[in-house]
Amino acid sequence: MNGAHDVGGVLGFGPVVSEPDEPVFSADWERQAFAIAIASLCQGVAAADENRNAIERMGNVAYLSTSYYEHWLVAMEKLLVQKGIIDEQERVERVRAFLSGRSLPSRESVPDDGELARTVRDAIATGGPSVRETGATPKFAIGDEVVTTPWISRTHTRLPGYARGKRGTIIAYHGSHVLPDSRAHLRGENPEPLYTVRFDAHDLWGDEAEAQAGCVHLDLWESYLIERTSDGENMENSRS
């Protein structure tokens, strides 16, 4: 899926600006939005991949004109409606109440036994495991030369646009992991072998690469990769 959310940016929308001294939270509402989102994910409202996909569906203009935690808030609102936990009318009513300074009663009380807080702390500290035992034999081995698929995905994907159709080398294998492209769209986990691939910066950006750019490492699923043959690049998609 093309869009301004891509880690490499998108043509026509300016450079991706890095702020090395940016605080984790710049306002209290950002802390609250983050806490609500993580707590909701920990309670099974949605998977992290669904959350990312909801952010991507904001559209380029909305994405670039809102802050990081606004993305999280918009995504969680979408998912709560999509999952039927609230309906659109209730969402609108609660937003209007908040903006006008009114408070609405909670729909139901949640037992405060500390378990959710512990789950959230663990999730923030270590994340959720995505490795799955499948018994699948990996198609590639460490040292293999590969090419990433050049096709533009119409769905959520973890292959950044700048790395499509680029040659690289497998440097690590991590077992089988949940495929984000599948889980983001409620198509099941469909775990696949996951690899770390090393790319030379000049292979990614050509003459525009900085002189001392070195290399880039990306963790990529097997269906993103195509075997590179000795006589060139085999463009047969590994999904087939």
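Any read-out appearing in this document is the output of simple, stated calculations on the displayed coordinates, not a laboratory observation. Bear in mind the structure is a predicted one, so any value in this text is a computation, not a measurement. Every residue, glycine as well, gets a Cβ built from its backbone with ideal geometry; the counts of neighbours run over all protein chains shown.
Some points to look at:
- Qualifying aspartates and glutamates (Cα of each under 15 Å from Cα of Lys78; at least 8 residues distant if same chain): Asp49, Glu50, Glu56, Glu70, Asp87, Glu88, Glu90, Glu93
- Residue-wise HN-Hα coupling along region 187-193, computed from phi with Karplus coefficients 6.51, -1.76, 1.60 (Hz; x: Gly, Pro): 9, x, 7, 6, x, 9, x
- Crossing angle, helix 88-99 versus the chain [Cα axis fit, 0-90 degrees, rounded to tens]: 70
- Exposure proxy ranking, count of Cβ atoms within 10 Å, fewest first, for Lys139, Lys78: Lys139, Lys78
- Computed 3J(HN,Hα) for region 67-81, one whole-Hz value per residue from the Karplus formula 6.51 cos²θ - 1.76 cosθ + 1.60 where θ = phi - 60°, is 7, 4, 6, 5, 4, 4, 5, 4, 4, 5, 4, 4, 5, 4, 6, glycine and proline marked x.
- Relative to the longest principal axis of the Cα atoms of the chain, helix 28-42 runs at roughly 70 degrees.
- Set of lysines with alpha-carbon distance to Lys166 below 27 Å, sequence-local pairs under 8 removed: Lys139
- Net length available on complete extension from Arg121 to Gln82 is 11.4 nm, with 0.36 nm assigned per residue and the Cα-Cα distance removed.
- Extent along the principal axes, Cα only, for the chain: 68, 43, 31 Å, with the longest axis given first.
- Range in the chain, longest, excluding exposed chymotrypsin sites (Phe, Trp or Tyr not before Pro) [loop by DSSP; at most 16 other beta-carbon atoms within 10 Å]: 26-150
- For the chain, the longest principal axis of the C-alpha atoms and the axis of helix 115-126 are separated by about 30°.
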